[in-house]
Structure formats: C-alpha cells, structure tokens
1. Given the conditions (1) of a type in the set (Gly, Ala, Ser); (2) within 21 Å of the chain's Cα centre (by Cα); (3) crowded, with 20+ Cβ neighbours inside 10 Å, which single one is not true for residue 301?
2. Kindly establish whether residue 125 is of a type in the set (Ser, Thr, Tyr) and touching a residue at least 60 places away in the same chain (Cβ under 8 Å).
3. Scan the helices (runs of 4 or more DSSP H) fully inside region 91-189 and keep the ones with 1 or more residues being of a type outside the set (Lys, Arg), in contact with a strand residue (DSSP E or B) (Cβ under 9 Å, 6 or more places away or on another chain) and within 16 Å of ligand 2 (Cβ to nearest atom).
4. Looking at (1) over 29 Å from residue 19 (Cα atoms); (2) surrounded by 20 or more Cβ atoms within 10 Å (Cβ to Cβ); (3) without any contact (Cβ under 8 Å) to a residue 60 or more places away in the chain; (4) not aliphatic (A, V, I, L, M), which is the one condition that is false for residue 112?
5. Quick check on my filter: what residues within region 242-262 are surrounded by fewer than 24 Cβ atoms within 10 Å (Cβ to Cβ) and either within 16 Å of ligand 2 (Cβ to nearest atom) or β-branched (Val, Ile, Thr) (or both)?
6. State whether one or more residues within region 378-393 are within 16 Å of ligand 1 (Cβ to nearest atom) and in contact (Cβ under 8 Å) with a residue 60 or more places away in the chain.
7. For residue 359, which of the numbered conditions (1) in contact with a Lys or Arg (Cβ under 9 Å, 6 or more places away or on another chain); (2) over 27 Å from residue 150 (Cβ atoms); (3) aliphatic (A, V, I, L, M); (4) open to solvent by 10 Å² or more (accessible area, probe 1.4 Å) fails to hold?
8. Going through region 17-45 one residue at a time, which ones are aliphatic (A, V, I, L, M), within 16 Å of ligand 1 (Cβ to nearest atom) and surrounded by 15 or more Cβ atoms within 10 Å (Cβ to Cβ)?
Amino acid sequence: MSFSINVEKIKPSATMAVSALAKRLKAEGRDVIDMSAGEPDYDTPAHIAEAGIEGIRAGKTRYTPAPGMPELRQAIARALSDRTGHELDPAGIVVTSGAKQALFNSCFCLFGPGDDVLISSPYWTSYPEIVSLARANPVPVAGAEERDFRLTPDDLDRVAGPSARGLIYSSPSNPTGTVYPREELRRLVEWARHRRIWLIADEIYRAINFTGVEGQPAPGLLDLPVDSLGNYVLIDGASKAFAMTGWRLGFSYCETRVAKELAAVQSHVSSNAATPSQMAALAAYTDRIRTDRAVKEMVAAFRRRRDLIVRLVDELLPDLTYVKPHGAFYLFCRVDSTFDDGVPDSTAFCNWVLEETGVALVPGVAFGDDRYVRMSYALSDALIEDAIKRLADALARR
Ligand code: PMP
Ligand code: GLU
C-alpha cells in the first residue's frame, strides 16, 4: 500500500507512544512508574471543571465560530493584557483544540515547500513532524550544552541560510526545563525581527516557572516592548497550567490578519475547539482569583518535586549530569556514560530501564539528542523517590 508524500516521513509521537505503553503494562498488572507522560497529575480545578459541566447542562453543545466563542477570546485577551501590559486585540486570539493544533495551524499557514524552519534543539518531539506536515524543512539547532542548550544569535546565524523562514522554541522548555531570561529572549526576538523570520513562541509551560519572583510566570514574548517584536505567533493554552490536557484547549495570539488565516485553516480541519471545553476555559480565564490560587498551589508542588528529584539524582546517580530545570516538569538527564554494546543508545536505555525497573522514560532521540532521556516528575514525592531508587539500583547491578 502506498501513502501520499504528505506522510512520507511522519513518525507517531514518541511521547504519546511511551505513555500508551506504560498505561498498557500497568493495565496488565505490571508495577510501572510512568515518568513518560508530559501532563500534570492533578485534577482540573473544580470551578473550571464545573463550568464545563454546567455548559453541557445549559446546552452549550453546539458549534461556535471556528476561532472560538467571542467571550472566551475576550477573556483570554483580557487576562494576557493585564499580565503583560500589552493591550491585546481579541481578534488576534484563535482558540484551538490544544496547543498542538495552534502549532499546526501556524506552521501550515506560514511555512511550505522550500522553507527552512529552525527548531531549538533539544525540541519537543512534535515540532519537526508538524513542520514536515507543512512540507517545509525542519532544521534543528542546539545552543551550547553548558548554556543548557539556550540559543544565542550566533548559534542561529551559523545555521540560518537564505531559506530560513521560521524559528520555533519553547520556554520553559520541553524537554529540558530551561527558561530564557528576559534579556536572552530579547536578543532572540531582535535576531528574528532583523532577519524577518517568523517566531513561533511556545509558552505553554509559562506558568510553571521557578525563576524570579515566586508565583510569577516565566519571561515571555509579551513582556518585551511592542516595537521590539517582529512577526510572531504566541502559542499557549490551558493544558499544562490548569491541568486540562484532556479537555483539548489551546490558543494562539498574533496579528489579526494572520489570525484570520489560522482560523480559516482550522475552519476546514476541525472547526471550533469543543464547546464545553471552551466554557470551562472561560471560567479559568474569567474567575482569575480562583484560577491563580489553584495554579500557584500546583506550581509550588512542581517546584518541591523539582528540588526532590534533583537532590535524589545528585545523591543516588552522581555520575549522571542533567540540564538544571527551572520550569515545566521535566528532568533531561544525560545517560550516555552508561551506554555499552548491549545498551548503545537512548532507546535501548529506556527499554532496558522499563524491563528492569518498571520505570517508563522517554528516549532523548525523540527530542533530538540521543545521549539523554527525559523524566517527567509530575508524580507524587513517593513515586519520584521510588523511581530514582529503582534506577540507581538497576545501574549499580549492571
Ligand atoms: N507544546 C509543548 C512544548 C508541549 O509539551 C505540549 C504538550 N503536549 C504541547 C505544545 C501541546 O499541548 P496540548 O496538549 O495543549 O496540545
Ligand atoms: N507534551 C507532552 C509530552 O511531551 C504530552 C504528550 C505529547 O503531546 O507529546 O510528553
């Protein structure tokens, strides 16, 4: 059977595949600790979930305009405006079925055959695939390891040829947890503006930030002066900050003219994000006192777990190095010092660890660096402790 060239290079999402495998093994009765899933382990805050349920009861079960309910677009624009000082136009917001779709809409609209799209590496596994689905050319570019892989204009100048049209990055980063300080972000933005390159700024983990003042989000694009910004699409959503991964609710923000194009793509692909999910998100972005309280509690727990996993790895796995995590809920750990003929790469390492210990990790190769593995620490303290002990014991036995 042959398929179209649209999917010639596509691979299924490795993060979703490992997470599905971990769930299957658990269902079969295996003692699995799942550090693969990139999602908060919390329930959606009650006032948000109730608003979704109430929406269903009130008959909010029909189509909405493709870019989202006007009142939700307004509420998101209001929330972002209040936080950043930029006055956002609700017409620039497109509500999507998860941030993933916002990324797809953007890449599909802005890039095509012959275009190079630079991707900050290590990258979230779906970026190169989405760029390839748009038939553009993904070009991974890594900053120096000593700088936690954060990019500088020099790094970008080295790889950006005349066909470079876009740059995608996430801060806080999946998979490394690194966070761009405001000044570094400014330099990146300036570089893109001068080169007339579209910046796709993925800020889905922005609330889960351990830098700066406690409880404040990570520095973001809209913290910078308006006139310093060139062409950009900001990607965000409810999945991570509000523990709403299954509701499938994200959004993009950009210039109105571009937002119209993104909405046009979406109107043919999926129409609107699920209406009850939009009702839930409306409560999240409107009842901000309750939402902020819930987010602060979750972020405080992630920070505590970050401290715990870093301490355990330092104590029990002193030969392994890792990127110092300052946001999101991932530890990107370098394991190539343990490789041998039997376990020669990150995929073999993760298979071996799962078999030996029941701990599910995602191989670094899925994020563009085969020397590493990614551990999600969106787990209870007890499970984090158990997982790192199992890992240390298994490595000691080898
Ligand atoms: N960007 C990054 C960096 C992510 O980790 C994720 C999570 N899968 C997404 C986008 C997509 O988020 P969503 O679940 O809202 O589609
Ligand atoms: N963002 C998460 C991860 O990286 C969820 C899975 C996915 O969509 O890739 O694991």
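1. So residue 301 meets the others, but not (3).
2. For residue 125, the condition - of a type in the set (Ser, Thr, Tyr) and touching a residue at least 60 places away in the same chain (Cβ under 8 Å) - is met.
3. Working: elements: 99-110, 126-133, 153-159.
Result: 99-110, 126-133.
4. It fails just one condition, (2).
5. 243, 245, 246, 248, 256, 258
6. First, pick out the residues of region 378-393 that are within 16 Å of ligand 1 (Cβ to nearest atom): 378.
Okay, now just the ones that are also in contact (Cβ under 8 Å) with a residue 60 or more places away in the chain, so 378.
Yes: region 378-393 contains one or more residues that are within 16 Å of ligand 1 (Cβ to nearest atom) and in contact (Cβ under 8 Å) with a residue 60 or more places away in the chain.
7. The number of the failed condition is (4).
8. 17, 18, 22, 35, 37
The values are calculated or read from the model by the stated rules, or taken from the named source; none is laboratory data. Bear in mind the structure is a predicted one, so any value in this text is a computation, not a measurement. Here Cβ is always computed from backbone atoms with ideal geometry, including for glycine, and neighbour counts include all displayed protein chains. For the accessible areas, the whole protein counts, side chains as well, though only heavy atoms, and no ligand, DNA or RNA atoms are used. Shrake-Rupley method; radii C 1.70, N 1.55, O 1.52, S 1.80 Å.
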